[in-house]
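The values are calculated or read from the model by the stated rules, or taken from the named source; none is laboratory data. Model, not experiment: these values are computed from the prediction. Here the Cβ positions follow ideal geometry from the backbone for every residue, glycine too, while neighbour counts run over all protein chains shown. Note: accessible area is taken over every heavy atom of the protein model, side chains too, but ligands, DNA and RNA are not part of it. Shrake-Rupley method; radii C 1.70, N 1.55, O 1.52, S 1.80 Å.
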Amino acid sequence: MWTCKNLWKKLAPLARSSSTLCRQNARGVVLNNDRRLPLVPQAHMSSGTPGSGGDNNLYYLLVGATCVGGGFYAYRTIKGDKERYQERINEIASRPNKVVPEQPITEAPGEQAAETPQGFVSEPIAVESEESSAPIAAESEVSLSAVEESSPPPEEPAPCETTELSTEIAPVTEDAPAETPEITPIVEEVSPEVAAVEQEDPPTTPEAEIAPEPVVGPAPEESVGTPDADPVVDSEPSVEPSPVEVTEEPPASVVESEPTPVAESLPAETAEPQTETESETESAAEPATVAPAEVPAPTPVEFPSHAPYLLIGGGTASFAAARSIRARDPGARVLIITDEPDLPYMRPPLSKELWFSDDPSVVDTLRFKQWNGKERSIYFQPPSFYVSPQDLEKVENGGVAVLTGKKVVHMDVRGNKVTLSDNTEISYDKCLIATGGVPRNLQVIERAGEEVTKRTTLFRKVEDFKALDKVSRDTKSITIIGGGFLGSELACALGRRSADSDLEVIQMFPEKGNMGKVLPEYLSNWTTAKVKSEGVTIITEALVKAVSFKDGKVEIKLKDGRVVKTDHIVAAVGLEPSVELAKSAGLEVDSDFGGFRVNAELQARSNIWVAGDAACFYDIRLGRRRVEHHDHAVVSGRLAGENMTGANKPYWHQSMFWSDLGPDVGYEAIGIVDSSLPTVGVFAKATAKDTPKAATEKSGTGIRSESETEGTASSPVASSTPEPPPVPEQKDNYGKGVIFYLRDKVVVGIILWNVFNRMPVARKIIKDGEEHADLNEVAKLFNIHED
């Protein structure tokens, strides 16, 4: 009030001056315009000294009343809040299921739990062994009649002192308090046999012999509250009781026996694990009505919770990275997680050598003979090479462990951990993403229904090879959709098998010839003729319009009206990179090529690398690319492993790939091989040495990229007299040769047709990036004219 008055004393002169100035201005306006303003009632302030006018007194009165009213309102509001808060505290304290704080146990181990009005267990209270007295809850001292006549439940009880144990406990019948309407009132009838409770001095048991307090689970609902229910007796006292978490569960009978044991009925979710001795005692006491809380046995840990090097994916890139990490860090602990049930293996033999094996058990052994006759397995290493995931953290010198059948579904980049499909988490220090890709499918097949889907194979894994092998033996016709590397290889393999059976093999694709997107037209036509000679029916320029299942056959309708009926479909139409983790990890996906975008060191983050089919990398010569070949998986995985151990090397390697159309025709390629680019081919007559079989016999390995070496490469020498490149003649046979792919007159891709072990030379030509006047002279570097 006084503050408002003092403030008004300071502001009143200013207000009066403003009012006087306004009147003077108005009077001047009237005089200048020769007319008077209309007289309207005006409220003006007194022009006397401050505080002397009646208007000021009225203003003071109004301001003072406002302040007093506001203060009174605030006071009443605060006071009301305090009262409501106190009422709430009292209500909570008066509830019967209130958890009473534990009392420290100082002298004797004996305890007793008393029932609350709702059948819940109150807190155990200490017992004095010298006076032969026992603790008892405050509620148990009240008789049945006293409880029934009592008012609402009492306030929160204070810590109880040690009292003399009553020799008799009358039956207690209690109703649920009104404050908790959600709890149905329960009336307990205690049989007379349970009324007597004897208490003796607790035995002087050594502290080391005192067992933990047993906890008994709740009895079944049908046995709760029945007079003939047998009591549960525990055999040993407890030293330190655990806090009792109160939940709404039916009560159970409680009886004490010698020497001062405690019998408690707890909800199953709050029960503690029981010892073997306690479980046997309880089973003997009441096997029919008491259901002890079952605690599931802990499952053994099948994998470590932390891996210094975590590799996601179990393909070629992951294995190459693991081997590289171990080479640079011999004590490294590497964990590979794969959703496949198999250990890391190589994929090329699945569409090549395995189909030409004469061993009927090749599907089970997955061992095959290479073109050179040597036998090997598709697995990179036997199981003995790996460490079990359970022992990865224990082995002295580290190792490589493979966790099969697990899929990483979420990646926390900030927390450096991944989540598996079973919600388990594994943390890491450094991580490699080598998830590869999944086969694409045609939308018309996906929409065709379940019957068509069951008769369609997307070829990628070992399971797909086994399934297609079985189909090729049980069905009469198989149609392969796709004319690329995989489709042409499978067509040749199945066509060769059809010679000994009644199997019909059909291959259809939208191009004019096999591998029409890669090979120049003349060479694509020759390849198509080669595939036909293997017993395959070729349908070119075929665009699938619809697929359906009719009369036990899969019917494929083409856009030009042709209809193909078959028993099974193999869709070989490309690969889609697996980038599901990009969303949860916040990693960038390339919009043009797909895959995770990485820098020159194959890094997506400071401690995350990407390799293999899923990596979209920057090629210093050819720009940003994504490659889906075995050699790229080997080289990128090896480099990623080196960089994970601190090498910091950029990716400059030009990866190669190869394809074999049986043991007689094969080619190796590097760089950008696109049939839309200008090409120059130089061919020569082939000999018996110019076949994939002869090449593997000479190198000793069926995986030709493994025998590569950069040491044999030399700089090509261009001819001084430019000559126009020769156009290859359309012959029925192209024995061996070199095809150059040009962009702006610079070689950007090379195919070695039945020319083997010359890839280092081709890699150097692309790396140099020079314009060559005569590619005939460059072709001589590959020794194609030597016998």
Pick from the range 414-432, criterion of a type in the set (Lys, Arg) and out of contact with any Ser or Thr (no Cβ under 7 Å at 6 or more places or on another chain), ranking: nearest to GLU601 (Cα to Cα): LYS430
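Condition check ((1) open to solvent by 10 Å² or more (accessible area, probe 1.4 Å); (2) touching a Leu at 6+ places or on another chain (Cβ under 8 Å); (3) part of a loop (DSSP other than H, G, I, E, B); (4) within 20 Å of LYS517 (Cα to Cα)) across all residues:
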{"position": "TYR741", "(1), (2), (3), (4)": "no, yes, no, yes"}
{"position": "ILE750", "(1), (2), (3), (4)": "no, no, no, yes"}
{"position": "LYS764", "(1), (2), (3), (4)": "yes, no, no, no"}
{"position": "LYS767", "(1), (2), (3), (4)": "yes, no, no, no"}
{"position": "ASN776", "(1), (2), (3), (4)": "yes, no, no, no"}
Cβ pairs under 6 Å, 6+ apart, first in the range 401-415 and over 13 Å from GLU580 (Cα atoms) and in contact (Cβ under 8 Å) with a residue 24 or more places away in the chain, second open to solvent by less than 40 Å² (accessible area, probe 1.4 Å) and part of a strand (DSSP E or B): ALA401/LEU335; ALA401/VAL387; VAL402/ILE336; LEU403/ILE337; LYS406/ILE337; LYS406/LEU420
Selected residue (criterion: nearest to LEU677 (Cα to Cα)) from residues of the range 507-527 that are open to solvent by 10 Å² or more (accessible area, probe 1.4 Å) and not in a loop (DSSP other than H, G, I, E, B): GLU521
Any hit, the range 295-312, residues being open to solvent by less than 60 Å² (accessible area, probe 1.4 Å), at pLDDT below 85 and in a loop (DSSP other than H, G, I, E, B): yes
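Listed here are the residues, each with its yes/no results for (1) open to solvent by 50 Å² or more (accessible area, probe 1.4 Å); (2) in the same structural domain as ILE426 (by the TED database).
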site: ALA332; (1), (2): no, yes
site: ARG367; (1), (2): yes, no
site: GLY373; (1), (2): no, no
site: PRO389; (1), (2): no, yes
Residues being part of a strand (DSSP E or B) and closer than 17 Å to GLU353 by Cα - total across the range 489-506: 0
Segments classed as strands (runs of 3 or more DSSP E), wholly inside the range 370-477, with at least 1 members that are within 13 Å of ILE337 (Cα to Cα) and at pLDDT 95 or above: 399-403, 408-412, 417-420, 425-433
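Yes or no, residue by residue, for (1) of a type in the set (Gly, Ala, Ser); (2) under 20 Å from GLY637 (Cα atoms); (3) touching a residue at least 24 places away in the same chain (Cβ under 8 Å):
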position	(1), (2), (3)
VAL563	no, no, no
GLU576	no, yes, yes
ALA582	yes, yes, no
ALA585	yes, no, yes
SER591	yes, no, no
Filter result for LYS745 (out of contact with any Asp or Glu (no Cβ under 7 Å at 6 or more places or on another chain) and either at pLDDT below 90 or open to solvent by 50 Å² or more (accessible area, probe 1.4 Å) (or both)): no
